[in-house]
1. For the stretch A:300-318: of the residues being closer than 14 Å to A:A277 by Cα and under 24 Å from the mean Cα position of the chain (by Cα), which is least open to solvent (accessible area, probe 1.4 Å)?
2. Every residue in the stretch A:41-71 that is open to solvent by 30 Å² or more (accessible area, probe 1.4 Å) and among the small types (G, A, S), please.
3. In the stretch A:102-131, what residues are in a helix (DSSP H, G or I) and under 26 Å from A:R241 (Cα atoms)?
4. Does the stretch A:260-288 hold any residues that are open to solvent by less than 60 Å² (accessible area, probe 1.4 Å), of a type outside the set (S, T, N, Q) and in a loop (DSSP other than H, G, I, E, B), and which are they?
5. Would you check which residues across the stretch A:91-105 are open to solvent by 50 Å² or more (accessible area, probe 1.4 Å) and within 11 Å of A:L49 (Cβ to Cβ) and list them?
6. Any chance you could count how many residues in the stretch A:289-308 are among the acidic types (D, E), in contact with a helix residue (DSSP H, G or I) (Cβ under 7 Å, 6 or more places away or on another chain) and either outside any helix (DSSP H, G or I) or without any contact (Cβ under 8 Å) to a residue 12 or more places away in the chain (or both)?
7. Determine, yes or no, whether A:P257 is in a loop (DSSP other than H, G, I, E, B), without any contact (Cβ under 8 Å) to a residue 40 or more places away in the chain, touching a helix residue (DSSP H, G or I) at 6+ places or on another chain (Cβ under 8 Å) and farther than 23 Å from A:A17 by Cβ.
8. Checking A:L141 against (1) over 30 Å from A:G80 (Cβ atoms); (2) at pLDDT 95 or above, which single condition isn't satisfied?
Amino acid sequence: MLVRFGYVAMSLLVDNASPAKTMTLTGFRKLPDRDAALRRLARIAGENLANTLRLLRHNKAHDIHLYRFSSKLVPLIGHGDVADWDPLPQLAPAFAAIGAYVREHGMRTGFHPDHFTLLSTPREDVLASSIADLRRHVRYLELMGLDDTAKSNIHIGGAYGDKAAAAARFCGNYARLDDGVKRRLTLENDDKTFTAAETLAVCEQVGAPMVLDIHHHMVNHDGEDAVRLWPRIARTWSGQRVPPKIHASSPRSEREPRAHADYVDAAELLRFLRAIAPETERLDVMLEAKAKDAALLRLMEELRGEPGIVPVDGATIATFR
DNA sequence: ACCTGTCAAGTCTGG
DNA sequence: CCAGACTTGACAGGT
């Protein structure tokens, strides 16, 4: 099994390289000259995109082939206050430069629209803004010139007092999405509501690949074993041109089991990897540790010393079958 | 330069 | 039924 590792959005190792600088809505409203305020938003977006490219170069230097873009690249976009504002044409060259670099180096990238993007909601207004958000993420990826191996990953959403009804509503709303959005969507189990088994059932019903989060599974399950579910989860990726992806992180403490620790427990992750290795050829692991790329490098260092693990490059390992 | 409080979003819980 | 918790990085305002 060949396993690649990646991290999310920000770096602890590259200084002043945030891809998610913003302006608060309050701050925006306080500015007397609206055109100047909009220009400032566009300038911040340009800096976020430039920093994203810097991070990709940093990733390349460390053989990190997996990266999740920040969903806050363009501050306040999608908000009612700036509904008339479309900075994407002027930002297109910056998006294109990012995509060109990703393609040139064969990286796997994607987004994780935040948990206010919900397809299970009973509220029409929330559904409408969620669909608009998904379309906007597709637009980003298209501006980058990335094919549909680059996806947005979301959760099923809230239960609203009736989880089965919420799942059914999710499926109905999913079915009505346009193909461009559908082709670029993956679904992930969450830490409070939809378990891995429940998320898998939805994935199988609508035909979406499932991202298994093994930390979420640990704190939200009905007794089922993630390794037992794995063959079905892996099957949701058949027909895709990228390997299955999982999320990995470790609990901060016994008192705060859901919170993400700074670093990833190598032994715990390795147990899962070894368990699925016999039936898995390739796997991508997105680390969701607070220490971001520093956690990734430390994990790689720890894995290098493990028996049966062969380092392939700075952020890829092979395990014996 | 640093510290504390606030900000955005939608759902869910506690009172 | 409404206020606060949840989550996250960064802004905003204070010292």
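1. Looking at residues that are closer than 14 Å to A:A277 by Cα and under 24 Å from the mean Cα position of the chain (by Cα), I get A:I317.
2. Those that are open to solvent by 30 Å² or more (accessible area, probe 1.4 Å) and among the small types (G, A, S): A:A50, A:A61, A:S71.
3. Here is the first cut: in the stretch A:102-131, the ones in a helix (DSSP H, G or I) are A:102-104, A:124-131.
Scanning the stretch A:102-131 gives A:V102, A:R103, A:E104, A:I131.
4. Residues of the stretch A:260-288 open to solvent by less than 60 Å² (accessible area, probe 1.4 Å): A:260-261, A:264, A:266-267, A:269-270, A:272-273, A:275-277, A:280, A:283-288.
This time we only want the ones that are of a type outside the set (S, T, N, Q), so: A:260-261, A:264, A:266-267, A:269-270, A:272-273, A:275-277, A:283-288.
The answer is A:A261, A:V264, A:E288.
5. Matches in the stretch A:91-105: A:P93 only.
6. Going residue by residue through the stretch A:289-308, those that are among the acidic types (D, E) are A:293, A:301-302, A:306.
Those still in the list that are in contact with a helix residue (DSSP H, G or I) (Cβ under 7 Å, 6 or more places away or on another chain) too: A:302, A:306.
Pick out the ones that are also either outside any helix (DSSP H, G or I) or without any contact (Cβ under 8 Å) to a residue 12 or more places away in the chain (or both) and you get A:306.
Residues that pass the stated criteria total 1.
7. Details: in a loop (DSSP other than H, G, I, E, B): yes; without any contact (Cβ under 8 Å) to a residue 40 or more places away in the chain: yes; touching a helix residue (DSSP H, G or I) at 6+ places or on another chain (Cβ under 8 Å): yes; farther than 23 Å from A:A17 by Cβ: yes.
Taking the combined requirement at face value, the residue satisfies it.
8. (1)
The values are calculated or read from the model by the stated rules, or taken from the named source; none is laboratory data. Since the structure is predicted, the reported quantities are computational estimates derived from the model, not experimental observations. Note that we place each Cβ from the backbone using ideal geometry, even for glycine, and neighbour counts take in every protein chain shown. Accessible surface is based on the protein model in full, side chains and every heavy atom, while ligands, DNA and RNA are left aside. Shrake-Rupley method; radii C 1.70, N 1.55, O 1.52, S 1.80 Å.
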